[in-house]
Amino acid sequence: MRKIWRASLFFAIPIIVYGIALIPVSIFLYFNINFFSFEMLHIILFSIFLMFDYFVLLFSLIFSSAFFINVLNLKYEEGEYEQNLKEKMYFKYNLYFILYYPVYRFLNIIVYPPIKSFYLRLIGAKIGRGVFLSLDEIIFDPCLIEIGDKTMIGSKAMILAHVGEEKLILKKTKIGKNCIIGAESLIMPGVIIEDNVVLGAKSFVPKNAILKKGKIYAGVPVKELNL
C-alpha cells in the first residue's frame with residue numbers, strides 16, 4: 001500500500017509544483033496576447049515581453065521547486081539504500097531528482113552562471129563565491145555536493161554523489177577552492193578534490209578518489225601529471 005501511495009506522489013507532486021510555477025507566466029502571457037495587436041510596434045513590444053516572460057517562468061520554476069524540496073524535506077543523506085520505493089531515502093532521492101533536474105536543465109537554455117549557483121544553493125548545494133558553471137555541466141545530487149570559492153566547472157562536466165549498484169549508494173563529493181574541472185570530465189561519488197587542483201578535459205575520477213592540493217591530473221582513470 002505504501003509503495004502505491006508513494007508511486008502516486010511521483011505524479012501528483014510534480015504536477016502541483018510545475019503547475020504553480022506556470023501560474024505567473026500564464027497570467028502574464030494572457031495579458032500580452034489580449035493587449036497587443038498586429039501593428040509593427042506591438043509586434044516588437046510583444047517580442048520583448050516574451051523574453052521577459054521567459055525570466056518570469058525561470059524564476060517561478062526556481063522558487064516553486066526549491067520551496068517544495070525544502071518544505072517536503074526531500075534532501076537525502078549519505079548511505080546505502082535498497083532501490084525500492086518502500087525505502088524512504090530512495091523515495092526522497094527520486095522525487096528530489098524529478099523536481100530539480102528539469103529546472104536545472106532549463107537554466108542552460110540561456111546561461112547565467114550566477115543564477116545556476118543561486119538555485120543550487122537553494123536546494124542544498126554548498127557553492128562558494130565566484131564559482132563558474134559553464135554550459136551544459138551536470139551536477140547531480142546538489143544536496144551532497146560541495147564546490148569551493150572561485151572554482152570553474154567546464155562544459156559538459158558531470159559531478160555525481162550517487163551510483164546505482166546492488167544498492168543505491170549516496171556519498172558526498174567535494175571540490176575545493178580555485179580548482180579547474182576540465183570539459184566533459186566525470187567525477188564519481190565520494191571524490192575529494194583539494195584546493196588548486198587542475199583536472200584535464202574528459203578525465204574520469206573514480207569513486208572515493210582523493211586529488212591532492214595543487215596537483216594536475218588527467219586521464220581515464222585520472223593520474224597525476226608531473227609537468
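Each value in this text was obtained by applying a stated rule to the coordinates, not by laboratory testing. The shown structure was predicted, so the numbers you read here are calculated from the model rather than taken from an experiment. A quick note on method: Cβ atoms are made from the backbone with ideal geometry, for glycine too, and the neighbour counts reach across all protein chains shown.
The ranking of Leu9, Leu107, Leu199 from fewest to most other beta carbons within 10 Å of each one's beta carbon is Leu9, Leu107, Leu199.
Can you tell me the convex hull volume per residue for the chain, based on C-alpha atoms, in Å³ to the nearest whole number? Working shown, then result.
Values: hull volume 29.8 nm³, N = 227.
That works out to 131 Å³ per residue.
Between Lys212 and Val111, the distance separating the two model label sites (each 7 Å from Cα on the Cα→Cβ line) works out to 3.3 nm.
Between 0 and 90 degrees, the angle of helix 2-35 with respect to the longest Cα principal axis of the chain falls at about 50 degrees.
Can you give the alpha-carbon Rg of region 1-106 over 2.2 N^0.38 Å, where N counts its residues? Intermediate values should be presented prior to the final figure.
Details: Rg = 18.6 Å, N = 106, 2.2 N^0.38 = 12.9 Å.
This ratio for region 1-106 stands at 1.44.
Ordered by the count of other Cβ atoms within 10 Å of each Cβ, fewest first, Met89, Met51, Met188 give Met51, Met89, Met188. By the beta-carbon count within 10 Å of each Cβ, the least crowded to most crowded order of Ser134, Ser47, Ser60, fewest first, is Ser47, Ser134, Ser60. With the convex hull drawn over the C-alpha atoms of region 104-227, the volume per residue is 90 Å³. So what's the angle, to the nearest 10 degrees on a 0 to 90 scale, between helix 40-71 and the longest Cα principal axis of the chain? Roughly 50 degrees, rounded to the nearest 10. Computed per residue of the chain from DSSP H runs no shorter than four, each worth -39500 (n - 2.57), the mean residue ellipticity at 222 nm is -14500 deg cm²/dmol.
Please figure out what share of the DSSP beta bridges in the chain is antiparallel and state it in percent, rounded to the nearest 5. Of all bridge pairs located within the chain, approximately 25 percent are antiparallel.
Among the GluC sites (Glu not before Pro) found in region 28-130, those both in a DSSP coil and sparsely packed, with 10 or fewer other Cβ atoms within 10 Å of their Cβ, are Glu39.
Among DSSP beta bridges lying fully in region 113-227, give the percent that are antiparallel, nearest 5.
Details: 5 of 28 bridges.
Antiparallel: roughly 20 percent of the beta bridges in region 113-227.
Helix 88-106 and the longest principal axis of the C-alpha atoms of the chain enclose an angle of approximately 60°.
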